[in-house]
Amino acid sequence: MGDMQVSRSEQKRRIKEIERLVAELVSLPAPVLGQAPVPEDLRPLLIETAGLEGGVRQRQIKYLTKLLQSHPIEALYTLVGNHRGKHLAVRKQLHTLEFYRDALIDEALARQESCRQQRLAWEENWSSETVQELRRRMPEIDPQLLSRLAYLFARTRNPRYSREIFRYLRSMDELRQRTADRLESQ
């Protein structure tokens, strides 16, 4: 720290700051913690702390904070930032997929009702505006499969079909992501 005198309140503020960083750090997945830029002997402590709860976890965070006070922590901020950002992006994407699933199901229920009122037959290969919108976003999806799953959900109200729609959209989204990552790395 050099010879400059640091006030006690400034020291406390810095410690609180490191404590917040450590709390964020131990909320990251174990494989990430295993790569954390900390002294080798601290990694197992980070991973162990991640699995703790309540007061025990708090005490362990304070202990880690004490151990990390003398180490440079910029790289740890970068690690947390990168991971939290990615985490938030993944959550946002899942919400988008949930939104499309719900829109598709609502559309199927409305279509079923309108066909019932007009005494029209409703087939499982009905054309869905939601599916068309999804095709613009993910050209590789199978529109028949999605229409059929939504149809089956509307007919049976079995939540299994709703989950299948979400799983299918998620797998297509992950496939797109892997393809994009592969193209980026070439």
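The values are calculated or read from the model by the stated rules, or taken from the named source; none is laboratory data. This is a predicted model, so every value here is computed, not measured. Glycine also receives a Cβ, built like all others from the backbone with ideal geometry; neighbour counts cover every protein chain displayed.
Which of the residues belonging to the range 33-47 are part of a helix (DSSP H, G or I) and surrounded by 13 or more Cβ atoms within 10 Å (Cβ to Cβ)? Break it down stepwise before answering.
Here is the first cut: in the range 33-47, the ones part of a helix (DSSP H, G or I) are 33, 40-47.
Passing the criteria: Leu33, Leu42, Arg43, Leu45, Leu46, Ile47.
Does the range 152-169 hold any residues that are hydroxyl-bearing (Ser, Thr, Tyr) and either over 16 Å from His95 (Cβ atoms) or over 26 Å from the mean Cα position of the chain (by Cα) (or both), and which are they?
Answer for the range 152-169, where residues must be hydroxyl-bearing (Ser, Thr, Tyr) and either over 16 Å from His95 (Cβ atoms) or over 26 Å from the mean Cα position of the chain (by Cα) (or both): Thr156, Tyr161, Tyr168.
Specify which of the listed residues (Glu140, Glu133) is within 20 Å of Arg176 (Cα to Cα) and part of a helix (DSSP H, G or I).
Working: Glu140 fails: part of a helix (DSSP H, G or I).
Checking each option against the conditions leaves just Glu133.
Of all residues in the range 135-171, how many are among the hydrophobic types (A, V, I, L, M, F, W, C), over 23 Å from Cys115 (Cα atoms) and modelled with pLDDT of 95 or more? Write out each step before concluding.
Going residue by residue through the range 135-171, those that are among the hydrophobic types (A, V, I, L, M, F, W, C) are 138, 141, 145-146, 149-150, 152-154, 165-166, 169.
When the remaining residues are screened for being over 23 Å from Cys115 (Cα atoms), the result is 138, 141, 166, 169.
Those left that are additionally modelled with pLDDT of 95 or more: 141, 166, 169.
Residues that pass the stated criteria total 3.
Being surrounded by 11 or more Cβ atoms within 10 Å (Cβ to Cβ), assigned by TED's automatic domain parsing to the domain that holds Leu94 and modelled with pLDDT under 95 is the requirement here; does Leu175 meet it? Write out each step before concluding.
Values: surrounded by 11 or more Cβ atoms within 10 Å (Cβ to Cβ): yes; assigned by TED's automatic domain parsing to the domain that holds Leu94: yes; modelled with pLDDT under 95: yes.
Yes, satisfied.
Filter the range 109-126 down to the residues that are more than 14 Å from Thr156 (Cα to Cα), charged (D, E, K, R) and outside any loop (DSSP other than H, G, I, E, B) and list them by number.
Matches in the range 109-126: Arg111, Arg116.
Quick check, is Ala75 out of contact with any helix residue (DSSP H, G or I) (no Cβ under 8 Å at 6 or more places or on another chain) and either within 18 Å of Leu21 (Cβ to Cβ) or in contact (Cβ under 8 Å) with a residue 24 or more places away in the chain (or both)?
yes
Can you name the residue in the range 6-41 that is touching a residue at least 40 places away in the same chain (Cβ under 8 Å) and β-branched (Val, Ile, Thr) and is also farthest from His83 (Cα to Cα) among such residues?
For the range 6-41, the residue satisfying everything is Ile15.
Within the range 110-137, how many residues turn out to be among the hydrophobic types (A, V, I, L, M, F, W, C) and exposed (fewer than 14 other Cβ atoms within 10 Å of the Cβ)?
First pass over the range 110-137, keeping only residues among the hydrophobic types (A, V, I, L, M, F, W, C): 110, 115, 120-122, 126, 131, 134.
Now drop any that are not exposed (fewer than 14 other Cβ atoms within 10 Å of the Cβ), which leaves 110, 120-121.
Residues meeting the conditions: 3.
I'd like to check something: does the range 88-95 contain any residue that is within 30 Å of Leu28 (Cα to Cα) and among the small types (Gly, Ala, Ser)?
Just the residues of the range 88-95 that are within 30 Å of Leu28 (Cα to Cα), to begin with: 88-95.
Next, from what is left, pick out any that are among the small types (Gly, Ala, Ser): 89.
Yes: the range 88-95 contains one or more residues that are within 30 Å of Leu28 (Cα to Cα) and among the small types (Gly, Ala, Ser).
Going by the structure shown, is Glu129 acidic (Asp, Glu), touching a residue at least 12 places away in the same chain (Cβ under 8 Å) and touching a Leu at 6+ places or on another chain (Cβ under 6 Å)? Walk me through how you get there before you give the answer.
Working: acidic (Asp, Glu): yes; touching a residue at least 12 places away in the same chain (Cβ under 8 Å): yes; touching a Leu at 6+ places or on another chain (Cβ under 6 Å): no.
In short, no.
For the range 42-59, give me the residue count where each residue is more than 25 Å from the chain's Cα centre (by Cα) and touching a residue at least 24 places away in the same chain (Cβ under 8 Å).
1
Test of understanding: among Val56, Val80, which residue is surrounded by 14 or more Cβ atoms within 10 Å (Cβ to Cβ) and either not in a helix (DSSP H, G or I) or not assigned by TED's automatic domain parsing to the domain that holds Tyr151 (or both)? Show your work before the answer.
Details: Val56 fails: surrounded by 14 or more Cβ atoms within 10 Å (Cβ to Cβ).
Just one listed residue meets the conditions, Val80.
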